[in-house]
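What follows draws every value from the coordinates through simple rules; no lab data is involved. Source: prediction; values computed, not measured. In this analysis, Cβ positions are derived from the backbone assuming ideal geometry, glycine residues included, and neighbour counts consider all displayed protein chains.
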Amino acid sequence: MTSSCEALLPSTERALAHRVAVAQADGRAPSFVGAVGREGVMVWSGARSCVDGHAPDADTQYRIGSLTKVFTAVLVMRLRDEGLLDLNDPLEKHLSGMELGNAVGEVTIAQLLGHTAGLGAETPAPWWERTPGALRREPADVLGEEPLRHPVGRTHHYSNPGYTLLGSLVEAVRGVTWEEALRREILEPLGLSRTSAQPIAPHAGGWAVHPWADVMLPEPSEDLGLMAPAGQLWSTAEDLCRFAGFLAHGDDRVLGAATVEEMRTPAAPPGAGEWEGGYGLGVQLLRRDGRTLFGHTGSLPGFVAGLWVSAEDGVAAVALANATSGPLTSAVAADLVRIVAEAEPRFPEPWRPLPAAEVDQELLALTGPWYWGTYAYGLRLGAGRSVVLEPLRGAGRRATFRALPEGGWIGLDGYYAGETLRVVRRPDGSVSHLDLASFVFTREPYEQGDAVPGGVDEAGWRGL
């Protein structure tokens, strides 16, 4: 059977190359690079350039702007996993009020990660992306005199200053610079040797393309200083494909699978007009072409970038361009995922029976139909003594439950996420019913003598 990391079919590669070519031409980009990864391995890349006979490749650095925020969020989640902070900690627990300079100390780390801290989207003037970071030496310079734009914790409002604070948090807790923590804790373990805070040749130059004429102007490339954790990084298509594999599956040298999954779980409702997407903990979420994507977009003067991953399809895509506006890298990256997922769908894992050690006769006896009132559900076993409860017909609430050491199961998704499912037994040890968040599931619908809240009419079922 074909490995998911083998070369793509020629027809698929042509469709990908065509999409990149159209993006470069329609977006009027000096250059455009696209790449596709599977399981963290780049399996295709292509590029187009305005210079005949010359084009960048997957090893050419581009500035990735706000894609940097994902790296900063990973550093914060590492601190959480090490027990050095809690996501519900107020910022002032780790950064002094003097350092903050404004009344933002009560916002939590989780709120900063998910852009619900109520902070402004940008710093006070001048425009931080096109001016030296030396103009903003302290957090107070980034926040301004009135840092809050919305009630804390109530609204999703994207905030670049919020990620500056998270970078300062990393430095305060780690005791090293944000850049040093990034290098030691993410870039080196994951082998991202072409991702850096400053450009390293070969790298693209940033350009502004005139909106009404086919002429260009070079964009300045500033060191963002304190704002670096919000958008400083340069990277390549190949490095970002590798990073995408980490975001999909985790890597115990950096973050485990459970934590990267937590990062891509919605942290707050999307803002008005953004119902096709959302935001987790440092990770953007997108619904497109019937699939859920996670990753991030980025832009700085002279550059735009997009990285999207479909965990279900096992496909990631990167799009990078060196123009201030025009190229729709986010849409292109999503299209590259779709092209591969539809042309070469992922093979499912072969079915295998459960390991003998996981087959428990008492658990096996619990499988089959259960009834919540007159709603029919089926309970089936999964790996690791997990169970799935799902409606047998019509609409209903499906959920997967993880086994708890003390007995019972905890809901992992949907309506029952965080709720406990347990078996209730009669005095003689036989199973009476299942209890799920006070809902009673019985073997028969409204059976006489069962533990149905409110009881069952003694006359039983009847016709007209």
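Arranged from fewest to most other beta-carbon atoms within 10 Å of their beta carbon, TRP234, TRP461 become TRP461, TRP234. Protection proxy ranking, highest mean first, for peptides 205-218, 150-163: 150-163, 205-218, where packing is the per-residue count of other beta-carbon atoms within 10 Å, averaged.
Net charge near LEU148, counting Lys/Arg +1 and Asp/Glu -1 over other residues with Cβ under 15 Å of its Cβ?
Details: positive: ARG149, ARG154; negative: GLU92, GLU106, GLU122, GLU145, GLU146.
Neighbour charge sum, excluding LEU148 itself: -3.
Beta carbons within 10 angstrom, averaged per residue: use that to sort the peptides 452-460, 318-326, 176-184, highest first. Provide the component values of the computation, followed by the final result.
Values: 452-460: 9.8, 318-326: 26.6, 176-184: 17.9.
Sorting 452-460, 318-326, 176-184 by mean packing, highest first, produces 318-326, 176-184, 452-460.
The alpha-carbon atoms of the chain, seen along their principal axes, cover 85, 60, 47 angstrom, with the largest extent given first. For ASP26, the shell of other residues with beta-carbons less than 15 Å away shows a net charge of +1, using +1 for Lys and Arg and -1 for Asp and Glu.
Within a Cβ distance under 13 Å of HIS210, other residues only, what is the Lys/Arg minus Asp/Glu net charge? Before the final figure, lay out the partial values.
Details: positive: ARG28; negative: ASP214, GLU219.
Its environment carries a net charge of -1.
Averaging 1/r over each pair of different alpha-carbon atoms in the stretch 339-464 and inverting the result gives 16.5 Å, the Kirkwood hydrodynamic radius.
With each run of n ≥ 4 DSSP H residues scored as -39500 (n - 2.57), what mean residue ellipticity at 222 nm is computed for the chain after dividing by its residue count and rounding to the nearest 500 deg cm²/dmol?
On the way: 12 runs with 108 residues, N = 464.
The helix contribution divided over the chain gives -6500 deg cm²/dmol.
Within the stretch 262-352, all pairs of alpha-carbon atoms sorted by distance into 10 Å bins from zero give the percentages 17, 42, 32, 7, 1, 0.
Ranked by the mean number of other Cβ atoms within 10 Å of their residues, highest first, the peptides 239-248, 429-438 come out as 239-248, 429-438.
As a rough footprinting exposure proxy, the listed residues ARG264, ARG130 were ranked by other beta carbons within 10 Å of their own, and the order from fewest upward is ARG130, ARG264.
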